[in-house]
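Undergrad: Mind having a look at this structure? Questions to follow.
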Amino acid sequence: MNEDLDTLTTVSQQFPQSRFNDGKADKQGRVWIGTMGFENPQTRSLDANQGMLYKMTKDTLISPKVEVAPVNISNGLCWNKANNKMYYIDSPTRKVVEYDFDEEKGDISNPRIAVDITKFPYVTGNPDGMTIDQDDNLWIALYYGGSVIKANPRNGQLLQVRKLRLMAVERRWNSVVPIPARDVTSVIWGGPNLDILFVTTSRFHLSDTERKMYPAAGSVFAVTNLNQKGLVPNFADLVNSVRRANLIAEIILNTNELFAPTVSNEVVSYAPVSSNTNNNPQTRTVERADVRNFLDDNAEHDKEFSRSSPMLTMWFSLATVSLACLVQGIMSTEFDGPSIIQVSDPVTMGESPVWDRRLGKLLFVDIHKGRVMAYDFEKKTTDIAAEFPGHDLTPIILYKNSPNVLVAGLGRNLAKIALYNKLADPEILHTVQHDKPKNRFNDGKADSRGRVWIGTIGDEPSRGKLDLNAAALFKFTKGNVTNPTVMIPKVSVSNGIAWNQDGTELYYIDTPSEEIVKYDYYSESGNIANKTVVFSTKGKGLGYPDGMTIDEDGNLWVALYAGGSVIQINPSNRTLIRRIPIPAQFTTSVAWGGPNLDVLFVTTARRYLTPEELQGQPGAGSLYAITGLGTRGLPDFEADV
């Protein structure tokens, strides 16, 4: 045994390949700590039902009591402010269980489900580490979900992380806090005021490609400006002679990160993260402060150290199931990751975002209200730029000959519509698919020659019901406005379309196919050929590909309908670069905007959501803006028909 380890007890002799995974102390100093079954590092398969949650006291160290068994992966654990409830996570169940807690006896009883993450389809990943705030709301790390969620255990609903007004117009609604790492492992409140949420992450199971996608994976992140505080942590009290136990602020057992280089007898103290000027919630890695040797028997030294570093994170070496204390240093790097801002109030069915550089506005539609919405980038306001009640309106395309006119789909009609002119009727250019009166246009764009590529969708009477193979992708030109060319027949939901920078490739999505396809594109003639699949979401649990755009590096950005996220794809090697969670299940489309085309705008929908689903995603239907992506888009072409 390593001489730096002070072994207190060993458990689960019947499962020799199991190990400790997560645990904390209660107010009486009892240690609640759980194990997990063996996880094959090659196949990622888990020996199920080989974990247990133990309770350890000074008197039961030799034979600690099993409180919950069997479990799969014993994880998040916390108590409420009144200390009469305990919350617990067995990760594969995707549920948080609430127990009645007897503080004096340390007994738990009456288990019931407090939060069921399976009820929120836009939330991906499994619940991992967990903490609680002063309002008794839970903060849960999502392993393989790249985020942290906030939940109300009293009603089982997810909560907004914050609603913030800047200049009375900008709002932030989030029930999901994105973290720039796929595998988010645990959370803890820290800082002098316990108002910083520290988040641990892992890179252990990432491939080389995934490590390039998440370069900061494995770092500790600090989320500030959440307008919330945690509870004062409890101290373990197992062996009086082990002074380290009296310094534990809260145990974080970083799942799967068991092989980090050991820095014996060292602890990292975290300097408070400086506040940003706009008070938006920020996620950054913490900086490494001076490392001290805190295992000094001098009590005055301990007092001094506590004053300078009120929150200490201790790392435990638990490669076996022996309870042992070993403090390690943590290296971290500064990360300036994406920020997601809700910039409009919700609409019913947001779609077809397009940046109008002439107006300095991001235009998008509320399809079934027949409205063009306009978000003013400088003023941070949104208004109705055009409205056609009784019509389904989508898509909208910039018109070459006038900044106040758009080419648009009105039902099955291709039309020109005026902005900010209530007296102007739409000019109908052509109507398609007379034999399918319940079809409508759905998505489209102009190419570099001003030709309009616009597709339809089959009848959709209700959620999940669709007339398949009844739609098509059309091409309109100046010379054939009344006789458009069917470029792709037998489509179900014609959606995202984009061209590469040199105009030699066209990318296209028919949503139910769950595929993003590429065609060779001939700009001179406007013809396409040689269809190939560059990415498929089938079997990946990502959702359905919807709207799409492209960046200056040639990577595709795709909204995932029913997937609550946007993904970035490299079509050249057919790989997923990254996934960004959006706090709305129905993510519909994406477009680059802002003066530098470096803001990714995302439209979402709330149609078909149940009242219960809307409680968990109140911002559904809103326009979101993602900044800090490290790339930019290409200018949209204008229609010339």
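Undergrad: Using θ = phi - 60° and the Karplus relation 6.51 cos²θ - 1.76 cosθ + 1.60, list the HN-Hα couplings for region 81-91 in order, rounded to whole Hz, with x at every Gly or Pro.
TA: In residue order, the calculated couplings are 5, 6, 6, 10, 9, 10, 10, 8, 10, 9, 3 Hz.
Undergrad: Give me, ordered by chain and number, the residues 5 or more places off residue 578 or on other chains with an amide H under 5 Å from its own placed amide H.
TA: It is 568, by chain and number.
Undergrad: Amide H to amide H under 5 Å from residue 343: which residues, 5+ apart in sequence or cross-chain, H placed 1.01 Å off N in plane?
TA: Here 623, 624, 625 satisfy the definition.
Undergrad: Here is a follow-up. Tell me the net charge near residue 510. Cut-off is 15 Å between Cβ atoms, residue 510 excluded, with +1 for each Lys or Arg and -1 for each Asp or Glu.
TA: Net charge in that neighbourhood comes out at -2.
Undergrad: Taking amide hydrogens as modeled 1.01 Å from N in the peptide plane, which residues meet the under 5 Å criterion relative to residue 19, leaving out close sequence neighbours?
TA: 36
Undergrad: Determine, for each peptide in 16-23, 496-503, the mean count of other beta carbons within 10 angstrom over its residues, then list the peptides with the highest first.
TA: So the peptides 16-23, 496-503, ranked by packing, come out 16-23, 496-503.
Undergrad: Further question on the same structure: Just in region 479-550: which GluC sites (Glu not before Pro) are loop by DSSP and have at most 15 other Cβ atoms within 10 Å?
TA: Passing sites in region 479-550 are 524.
Undergrad: Next up: Alpha carbon centre of region 621-641 versus region 491-560: separation in Å?
TA: Taking the Cα centre of region 491-560 as reference, the centre of region 621-641 is 16 Å away.
Undergrad: While we're looking at this one, here's another question. Just rank 565, 536, fewest to most, by other beta-carbon atoms within 10 angstrom.
TA: With the sparsest Cβ surroundings first, the list reads 536, 565.
Undergrad: Within 10 Å of each residue's Cβ, count the other Cβ atoms and sort 210, 612 from fewest upward.
TA: Taking fewest neighbouring Cβ atoms as first place, the list is 612, 210.
Undergrad: Rounded to whole Hz and in sequence order, give me ³J(HN,Hα) for region 55-67 from the Karplus expression 6.51 cos²θ - 1.76 cosθ + 1.60, θ = phi - 60°, writing x for Gly and Pro.
TA: So the Karplus estimates, Gly and Pro as x, are 10, 10, 10, 4, 8, 10, 4, 5, 9, x, 7, 7, 9 Hz.
Undergrad: Per-residue counts of other Cβ atoms within 10 Å, averaged by peptide: what ranking do you get for 415-424, 30-39, highest first?
TA: Sorting 415-424, 30-39 by mean packing, highest first, produces 30-39, 415-424.
Undergrad: Quick one: Karplus J couplings for region 182-198, per residue in order, coefficients 6.51, -1.76, 1.60, θ = phi - 60°, nearest Hz, x for Gly and Pro?
TA: Couplings: 5, 9, 9, 9, 7, 9, 7, 7, x, x, x, 9, 6, 10, 10, 8, 8 Hz.
Undergrad: Here's something else I'd like to know. Under a point spin-label approximation (7 Å from Cα along Cα-to-Cβ), what is the residue 423-residue 448 distance to one decimal in nm?
TA: In this crude spin-label approximation the distance works out to 4.2 nm.
Rule-based calculations on the coordinates, nothing more; no lab input. From a predicted model like this one, the values you see are computed outputs, not experimental measurements. Using ideal geometry, Cβ is built from the backbone for each residue, glycine included, and neighbour counts are taken over all protein chains shown.
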